[in-house]
Amino acid sequence: LSDPLSFVVSSVTSLKFNLTLFLSILIPLGLVLLFGRFFCAWICPYSLLAEFGKSITTFLQRLGIEYFRFDLPPKTPLFFLITSLLMGAIISIPITTLLYPPRIFTEAIYHLILSGLITSGLIFIIFLWQGEIIFSPHIFCRRLCPGGALFSLLVRWRIWIIERIETKCDLRAF
């Protein structure tokens, strides 16, 4: 199994179609087309950290401490994805994945296990997470993540659309 963004970045930076890599994205791609942003919600390692950060922000709000409510324009992730793919194609370096949490976490775990070193990517993730707690919950996922931008394009063709009807939600059950 592979991440669909890996396939896109690899194809664009190498200017070649890799059949093996393409076959490795069929299951995740199928899940995205069936369930929508399945990868972001269930597979991305940053999602759990972002949800925990949002819980901290909610707790701080209950204490009367507000965050700064910073946001970026809705088209920012698509702009970043296209710009980084074009730049990557020009210089043949996968720029898009430099700010991609699944790659950063995988690299960090690899280096931590093999050499006991903490990577700059992991430090970036820690600062990003703290920034989300202070400035805006989930801002990275909503406005910067290149994988999220790609999946938001793919979910336009999803088969199932799940809607939440607020009037039918009974929060007392929790």
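The values are calculated or read from the model by the stated rules, or taken from the named source; none is laboratory data. Computed from a predicted model, the values in this text were never measured in an experiment. Every residue, glycine as well, gets a Cβ built from its backbone with ideal geometry; the counts of neighbours run over all protein chains shown. In case anyone asks, the SASA skips ligands and DNA or RNA and just uses the protein heavy atoms, side chains included. Shrake-Rupley method; radii C 1.70, N 1.55, O 1.52, S 1.80 Å.
Have a look at Gly88, Trp129, Thr76 and report the one farthest towards the positive end of the charge dipole of the chain, computed about the Cα centre with Cβ charges (Lys/Arg +1, Asp/Glu -1).
Of the options given, the answer is Thr76.
Taking each pair of distinct Cα atoms in segment 54-140 once, what is the resulting Kirkwood hydrodynamic radius in Å?
With all distinct Cα pairs of segment 54-140 included, I get 15.1 Å.
To one decimal place, what Kirkwood hydrodynamic radius in Å is obtained for the chain from all pairs of distinct Cα atoms?
It works out to 17.8 Å.
If you find the alpha carbon centre of segment 1-72 and of segment 146-165, how far apart are they in angstrom?
Value for the Cα centre distance between the two parts: 12 Å.
At each listed q (0.14, 0.16, 0.24 Å⁻¹), what is the log10 of I(q)/I(0) that the Debye formula gives for segment 1-72 modelled as equal alpha-carbon point scatterers?
-0.63, -0.72, -1.04
Given an 8 Å cut-off on Cα distances and at least 6 residues of separation, report the relative contact order of segment 39-174 as a percent.
Averaging sequence separation for qualifying contacts and normalising by length gives 35 percent for segment 39-174.
Calculate for the chain the 222 nm mean residue ellipticity that helices alone would give, adding -39,500 (n - 2.57) per DSSP H run of length 4 or more and normalising by residue count, nearest 500 deg cm²/dmol.
Result for the chain, helices only: -18500 deg cm²/dmol.
Quick check for me: using +1 on Lys/Arg Cβ and -1 on Asp/Glu Cβ, what's the dipole size of the chain about its Cα centre, in debye to the nearest 20?
300 debye
Once phi is turned into ³J(HN,Hα) by the Karplus curve 6.51 cos²θ - 1.76 cosθ + 1.60 with θ = phi - 60°, what whole-Hz value does each residue of segment 57-73 show in order, with x for glycine and proline?
4, 4, 4, 5, 5, 5, 7, x, 9, 9, 8, 7, 6, 8, 8, 10, x
For segment 95-151, rounded, prolate or oblate, judged on the Cα gyration tensor with a ≥ b ≥ c (square roots of eigenvalues), a/c < 1.5 rounded, else prolate if a/b > b/c?
oblate
With all protein chains present, how much of the accessible area of the chain (probe radius 1.4 Å) comes from carbon and sulfur, to the nearest whole percent?
Reported share for carbon and sulfur atoms: 71 percent.
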